[in-house]
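Written out below as structure tokens is the structure these notes cover.
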Amino acid sequence: MSSTDKINNIVIVGGGSAGWMTAAMLSKQLECNAKGSKVNITLVESDNIGTVGVGEATIPPIKTFNRMLGIDENDFLKHCNGSIKLGISFENWPKKNHQYFHPFGRFAVDFDYIPFSYFWNKHRASGDNKPLHDYASAWHLAKNNKFSPPSPDKKSLFSGFDYAYHFDASLYANYLRSYSEKRGVKRQEGKITKVDTHESNGFISSVTLASGQNIAGDFFIDCSGTTALLINKTLGIKFIDWSENLLCNRAIAVQTCHTKVISPYTRSIAKQSGWQWRIPLQTRMGNGSVHCSEFIDEQSAMDELISDIDGEILSEPRVIHFNVGRREKFWHKNCVAIGLSAGFLEPLESTSLHLIQRAVMRLIAHFPNKKCDEVNTKQFNNLTVTEYEHIRNFIILHYKATKRDDSEFWRYCQHMDIPDSLQHQIDLFSSHGHLNVDANDLFKQDNWLAVLTGQNIHPTTVAPIMAYKQKIDLPRTMNSFYDIMTKTVQKLPNHEDYLKEKCPFLIK
Ligand SMILES: Cc1cc2nc3c(=O)[nH]c(=O)nc-3n(C[C@H](O)[C@H](O)[C@H](O)COP(=O)(O)OP(=O)(O)OC[C@H]3O[C@@H](n4cnc5c(N)ncnc54)[C@H](O)[C@@H]3O)c2cc1C
């Protein structure tokens, strides 16, 4: 590559979680502050427009993202009002007064290269009624409000669980801003009022602020949120709507004081026309309603949320409108969309920050020269589509697999047509307990199992291979797993004590 082809001027439009996560990772990977580096990264954000300001629950790969940036976990927890997340408690989803836990990490252990779930299903068929989550160490920790990092001893049943964080999204963006600025990223405040393109090839050439300042670049990253200023407003890439299966299109967010212990898990509580979240941060609780405006009006959703929350209200409830779906293309010409400008899958499984993380890492892996070769951009787009569709299917499963028929909303969900690929997954599992999981998929065997069995979808027969597995004394083994987990967890620290030790100044 000749030096004139090399991208040296990158402009990131937007300073929400997407903008600053992108700036932080690019500044690190492109070695912006290395001696002699000619790479300039400018991030433009408008204080007047602001950010969406939600996005408080994450999934385990966020730890890898922070680690790649060299961020110390305790420092991050301290500055971002962070707490630990071991999974999600789904309440009233399969039916009313029914709960299951989607834990991070694994269920017990596989034996002899056969998935643990096959043994569990055989045990269940012989009359055991313990739910699958009773064999997950993350659930034992969560329900007892305990936390200690996974054991390094691979033989321990507490080595296979995983964890993520709850944190304040605005504090995380500030934290990454400070990280990025130290590594040479230039922040420019101001509202972009004009975007120019090259006449010859339609590539973006510069953005102009309301002040008249012009910022030129070789490569542009659209992190402008749902405005999609570059990818849609400038380059005309359309949005593919997925609301046929993912009906929710409104959220109301409100913060409250803690009234109880700080639980190390998110709660998702199904309501008449959607669901509510409870996300416990160190110093406050994040609460919200996610619902569909065709089935419940704003005032009723607000009343329902306010009547359900505990503790003094700390913030004015905020209504957020959103559309679920994705861009037709994520990378077009010399512009990549990352964050809400690229698409949105509702927050049920806390996947949006993860999609940002994946997009940034994928961009680094496919980093272009100034020509932005189409083969390369096509590959990036194909991989991203697969990822979005995989997550979409997993989220739809929660709605489709409900047995609730107490409202129009749930009746629609129960009877809606779903993508063939998801129907295949359900059919495959329902027959012998097998699952179609690819190595690159975000949600692995144990994630699918948690939701399928939690929502009361079970294989109609025990996996045939189990007829050959006679050596294991199943009742004894399963009971011993449960007993070990129950007893071990009692010896581990409380989640709050763990946080107090790691970040002493936040919790009173
Ligand atoms: C209700 C709800 C709950 C969510 N919960 C979760 C969750 O639990 N976990 C999770 O992972 N994700 C969650 N998300 C998603 C998450 O909030 C977003 O993915 C994340 O915040 C990224 O947003 P963003 O940076 O793309 O956009 P934004 O935060 O909207 O930022 C857009 C930026 O662009 C700038 N901008 C826009 N136009 C201009 C202009 N003309 N000139 C200059 N600057 C401009 C703005 O100033 C701002 O800085 C949730 C989303 C919603 C709606």
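The values are calculated or read from the model by the stated rules, or taken from the named source; none is laboratory data. What you are looking at is a predicted structure, and each value in this text was computed from that prediction instead of being measured. Cβ sites come from the backbone with ideal geometry, for glycine too, and all protein chains shown count toward neighbours.
Any idea which of M21, M25, M68 is over 16 Å from the mean Cα position of the chain (by Cα) and crowded, with 20+ Cβ neighbours inside 10 Å?
On the way: M21 fails: over 16 Å from the mean Cα position of the chain (by Cα); M68 fails: crowded, with 20+ Cβ neighbours inside 10 Å.
The match here is M25.
Being of a type in the set (A, V, I, L, M), touching a Leu at 6+ places or on another chain (Cβ under 8 Å), assigned to a helix (DSSP H, G or I) and in contact (Cβ under 8 Å) with a residue 12 or more places away in the chain is a condition met by at least one residue of segment 406-428.
Looking at K333, K378, which one is within 24 Å of I7 (Cβ to Cβ) and surrounded by 18 or more Cβ atoms within 10 Å (Cβ to Cβ)?
On the way: K378 fails: surrounded by 18 or more Cβ atoms within 10 Å (Cβ to Cβ).
After ruling out the rest, the residue left standing is K333.
The residues of segment 236-266 that are away from the ligand (no atom under 15 Å from the Cβ), in contact (Cβ under 8 Å) with a residue 60 or more places away in the chain and touching a Ser or Thr at 6+ places or on another chain (Cβ under 9 Å), listed by number, are I262, S263, P264. Would you point out which residue out of E408, E387 is out of contact with any strand residue (DSSP E or B) (no Cβ under 8 Å at 6 or more places or on another chain) and within 16 Å of the ligand (Cβ to nearest atom)? Within the list E408, E387, the selection yields E387. Only one of the numbered conditions (1) buried (at least 18 other Cβ atoms within 10 Å of the Cβ); (2) closer than 19 Å to L383 by Cα is violated by V437, and that is (1). Would you please list the contacts, defined by Cβ atoms under 6 Å and residues six or more apart or on different chains, that run from a residue in segment 47-67 that is touching a residue at least 60 places away in the same chain (Cβ under 8 Å) to a residue that is of a type in the set (D, E) and not in a helix (DSSP H, G or I)? From residues that are touching a residue at least 60 places away in the same chain (Cβ under 8 Å), the pairs are D47/E189; P60/D162.
Of the residues in segment 359-366, at least one is in the same structural domain as L229 (by TED's automatic domain parsing) and under 14 Å from the mean Cα position of the chain (by Cα). In the set (1) within 15 Å of the ligand (Cβ to nearest atom); (2) more than 16 Å from L340 (Cβ to Cβ), the condition left unmet by R183 is number (1). So, in segment 276-303, of the ones that are touching a His at 6+ places or on another chain (Cβ under 8 Å) and within 25 Å of G82 (Cβ to Cβ), which residue ends up farthest from the ligand (Cβ to nearest atom)? Among them, the one singled out is T283. Taking the options I306, I356, name whichever one is of a type in the set (A, V, I, L, M) and more than 9 Å from the ligand (Cβ to nearest atom). Only one candidate passes the filter, namely I306. Number of residues in segment 319-352 that are touching a strand residue (DSSP E or B) at 6+ places or on another chain (Cβ under 8 Å), outside any loop (DSSP other than H, G, I, E, B), more than 10 Å from the ligand (Cβ to nearest atom) and within 24 Å of K370 (Cβ to Cβ): the value is 4. Applying the selection to segment 448-474, what residues are modelled with pLDDT under 95 and in a helix (DSSP H, G or I)? Of everything in segment 448-474, those that are modelled with pLDDT under 95 and in a helix (DSSP H, G or I) turn out to be P464, I465, M466, A467, Y468, L474.
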